[in-house]
Each structure stands twice: as C-alpha cells, then as structure tokens.
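What follows is a set of notes on a single structure, which appears directly below.
The values are calculated or read from the model by the stated rules, or taken from the named source; none is laboratory data. All values reported here derive from a predicted model rather than from experimental measurement. Note: ideal-geometry Cβ built from the backbone for every residue, glycine included; neighbour counts use all protein chains shown.
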Amino acid sequence: MRFLKELLKPKLKCKRVGHVRNVKEVREGYVTDTKGFRCVADDVVQSRPFCSRCKAPLGEWKDEYRSGLNGLTLPRDDMKKLEMEGALWRSKRTERIS
C-alpha cells in the first residue's frame, strides 16, 4: 500500500527516505543589479540543485558565470520586462550533477 501512495505522490517517499540530489537546474539571462562599473546589465548563468524524484528545489540560485555588459540591444517588450522585473531569463535547462 505504501508503494502505491509513494508512486502517486513522490513527495511522500522523499519525506521518508530523503531527497535524491543528482540533478541541477540551470538558467541563463540578464540581470540589472550589476557588479561592474558603467554596465547596463550582467550576463548571468545560475544553477541550483533539485530533487530528481519530487522536483523540489534543494538550495538557492548560485552564479556560475557573471559578466558585465556595456551595451544591450533587445526588443522593446523584453527591455520593459528587464526594467520592471530586474531580470530577463533566456533559457532554463536541467543537467546531471557529476
């Protein structure tokens, strides 16, 4: 009976056994809170681990790569989104942690 419950709700198995920490989520984009001098935005690649069973995040976003941009050309809608939200994420993918 426990097998069927955990099959339908993987969070129950993670609660009993623990999370499986072998996958990370990676996102790439632009962030306006720059660390550099005279930069418009930063080109950022961030990652965080998550459970491959129940998809729960297991940590905070950490910068893998960050570089300041002196000029940035985007469509008007994307530039408004970047100014209002402070970040514009281009892509999101998952990778195995080796």
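General observations
- Count of residues meeting criterion [at pLDDT 90 or above and closer than 25 Å to Glu83 by Cβ] in segment 16-41: 6
- Among the residues of segment 4-40, those identified as surrounded by fewer than 13 Cβ atoms within 10 Å (Cβ to Cβ) and among the basic types (Lys, Arg) are Lys5, Lys9, Lys15, Arg16, Lys35, Arg38.
- Picking from residues in segment 41-64 that are without any contact (Cβ under 8 Å) to a residue 40 or more places away in the chain and more than 13 Å from the chain's Cα centre (by Cα), the one that is surrounded by the most Cβ atoms within 10 Å (Cβ to Cβ) is Asp42.
- Segment 75-98, residues that are modelled with pLDDT of 90 or more, more than 15 Å from Glu28 (Cα to Cα) and either in contact with a strand residue (DSSP E or B) (Cβ under 8 Å, 6 or more places away or on another chain) or hydroxyl-bearing (Ser, Thr, Tyr) (or both): Lys81
- Total residues in segment 1-40 satisfying the condition of being among the small types (Gly, Ala, Ser) and free of Cβ contacts under 8 Å to residues at least 12 places away in the same chain: the figure is 1.
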